[in-house]
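Below: the structure, in structure tokens.
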Amino acid sequence: MSRFVLACYGTVGDIDPMLALARALLDQGDEVVFFGNPYFESRYERSGVDFVLAGPTLDPDILLKDPRFTHPSRGIFNIFNLIYLPMVTVLAEAIAKELSRRPANMILTHMWSFGGALAAEKAGLPYGVVSMAPVTWYSSADPSLIGPFEPPRWLRGWLERGPIRGVINRTFSRRLDGCAVSLGLPEKGRRFYAIQAESILNIGLWSPRFRGPARDDPVQNAICGFPDPWQVREAPTLSPELASFIDAGDPPVVLGLGSALPRFAPEVYTLTWKACSDLGLRAVFVGDVERGAVDAVSEDVLAVPYAPYAALFPRASVVMHHGGIGSLAEALCAGRPQVVIPCGADQYDNAERVLRMGVARKIKRNRISRKRLASSIAACLSHESMKALALKTAEEVQAESDGAVVAARVVRERLAQS
């Protein structure tokens with residue numbers, strides 16, 4: 001039996017997969033303590049994992065309400081500087097305090113929770129880095145789409161090898177080195193990339209069908225599959241109102257933009273409602289949709305504040321979402337063609353990947369229109385090869401083992417080898 005410290009200060013899309021990994025480690029007989037954002041205390045309690053509340057309470061809605069964080073090019077820098085950077089030493093010192101009370105064998109840290117890696121370096125412990133989406137593996141052989149701009153793949157690879165690394169080292173690495181020095185650690189100059197390069201394990205929590213190994217992936221990288229988050233959430237069941245609506249007619253178009261994006265992008269709901277009306281299709285809209293964004297009295301549309309995608313997406317005709325990795329995983333497992341409208345962060349790359357897989361259409365948010373939405377939805381419904389491929393992909397992804405369970409097993413194996 002080993003004891004693991006897990007660190008994750010972020011949003012629900014970060015927290016739930018890390019909690020699933022923590023739960024899988026517990027289930028295989030290991031001990032776990034989880035350091036996380038106090039905002040999700042009820043989630044930690046429900047998971048049954050020992051936890052420590054670290055840092056100030058971060059309401060994830062702030063990332064979408066504040067224009068500094070939603071800027072298409074500067075947003076990621078502001079999130080790093082204003083959200084994650086202040087937490088580096090806070091998290092590292094909190095973990096150090098726990099380790100002085102009770103030692104651990106290894107630290108597992110979310111990619112952007114840098115304090116976990118620095119705490120491991122300070123304590124001389126092995127550590128692993130957990131990534132939720134391929135964009136955080138920074139491959140030049142399989143380059144990711146970073147931001148809304150779409151240079152050709154060869155150019156993306158060149159950018160990843162040179163200019164992008166230069167910019168990140170001049171900004172992120174330099175500031176991380178400042179945090180390291182404050183903890184009594186040496187400067188490294190390329191610390192942002194060194195955190196992954198010096199880990200004993202880099203876990204990718206996505207399906208190899210979505211992004212397989214690249215020739216420049218480090219040897220310690222392991223693609224483990226999509227995690228099953230429902231072991232740390234409430235059971236995925238539809239409300240009676242939603243189930244009755246679906247049963248009353250043809251499978252609806254389903255649009256969900258995650259937990260907070262509906263308030264950030266209400267026009268997406270309005271235009272999708274009008275596009276579905278033009279096509280004579282039923283629709284379900286999930287999220288905190290603004291009053292008046294959709295026809296509240298139409299018999300062909302239903303807006304609900306929440307619905308579990310695992311139960312809802314398989315009953316859709318077309319799944320529409322923003323490209324968040326959690327929503328995308330549920331859509332792939334549902335076996336339905338997708339329309340993806342990326343709005344930020346890793347969503348641009350995720351959307352590009354499912355487009356290349358042949359199971360989705362993509363619409364840039366700044367080019368969204370009633371006509372373009374109607375055309376994409378109609379194409380998904382009429383494209384028999386896309387529908388067949390979506391079903392085949394779902395069968396393949398569903399046949400894979402739970403990524404959290406695979407990751408827990410790989411963690412134990414890699415620790416034994418270190």
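The values are calculated or read from the model by the stated rules, or taken from the named source; none is laboratory data. These figures come from a predicted structure and were not determined experimentally. Cβ: placed from backbone, ideal geometry, glycine included. Neighbour counts: every protein chain shown.
General observations
- Residue that is modelled with the highest pLDDT [pool: residues in the range 342-381 that are part of a loop (DSSP other than H, G, I, E, B) and either in the same structural domain as GLY75 (by TED's automatic domain parsing) or surrounded by fewer than 19 Cβ atoms within 10 Å (Cβ to Cβ) (or both)]: GLY358
- Restricting attention to the range 152-210, the residues that are of a type in the set (Ser, Thr, Tyr), assigned to a helix (DSSP H, G or I) and within 24 Å of LEU6 (Cα to Cα) add up to 3.
- Of residues in the range 234-263 being of a type in the set (A, V, I, L, M, F, W, C) and assigned to a loop (DSSP other than H, G, I, E, B), the one modelled with the lowest pLDDT: ALA260
- Summed over the range 111-123, the residues that are at pLDDT 95 or above and under 25 Å from ARG409 (Cβ atoms) give a count of 5.
- Those residues of the range 382-399 which are surrounded by 13 or more Cβ atoms within 10 Å (Cβ to Cβ) and polar (S, T, N, Q), in sequence order: THR393, GLN398
- Within the range 85-124, being under 14 Å from ALA54 (Cβ atoms) and charged (D, E, K, R) holds for GLU93, LYS97, GLU98.
- Cβ-Cβ distances below 9 Å connect no pair with a first residue in the range 46-61 that is at pLDDT 85 or above, a second residue that is of a type in the set (Val, Ile, Thr) and assigned to a loop (DSSP other than H, G, I, E, B), and a separation of six or more residues or different chains.
- Flag for TYR44 being touching a Phe, Trp or Tyr at 6+ places or on another chain (Cβ under 9 Å) and either farther than 13 Å from PRO60 by Cα or among the hydroxyl-bearing types (Ser, Thr, Tyr) (or both): yes
- Flag for ALA104 being small (Gly, Ala, Ser), touching a Cys at 6+ places or on another chain (Cβ under 8 Å) and in the same structural domain as LYS188 (by TED's automatic domain parsing): no
- Entry remark, the range 320-341: residues being part of a loop (DSSP other than H, G, I, E, B) and either under 14 Å from PRO134 (Cβ atoms) or of a type in the set (Asp, Glu) (or both) number 2 in total.
- Qualifying residue in the range 68-88 (condition: over 20 Å from the mean Cα position of the chain (by Cα), in contact (Cβ under 8 Å) with a residue 12 or more places away in the chain and either crowded, with 21+ Cβ neighbours inside 10 Å or farther than 30 Å from ILE164 by Cβ (or both)): yes
- Residue match in the range 70-86 (condition: charged (D, E, K, R) and modelled with pLDDT under 80): yes
- Residue in the range 58-66 that is part of a helix (DSSP H, G or I), of a type outside the set (S, T, N, Q) and surrounded by fewer than 19 Cβ atoms within 10 Å (Cβ to Cβ) present: yes
- Flag if LEU25 is touching a residue at least 40 places away in the same chain (Cβ under 8 Å) and either assigned to a loop (DSSP other than H, G, I, E, B) or closer than 18 Å to GLN347 by Cβ (or both): no
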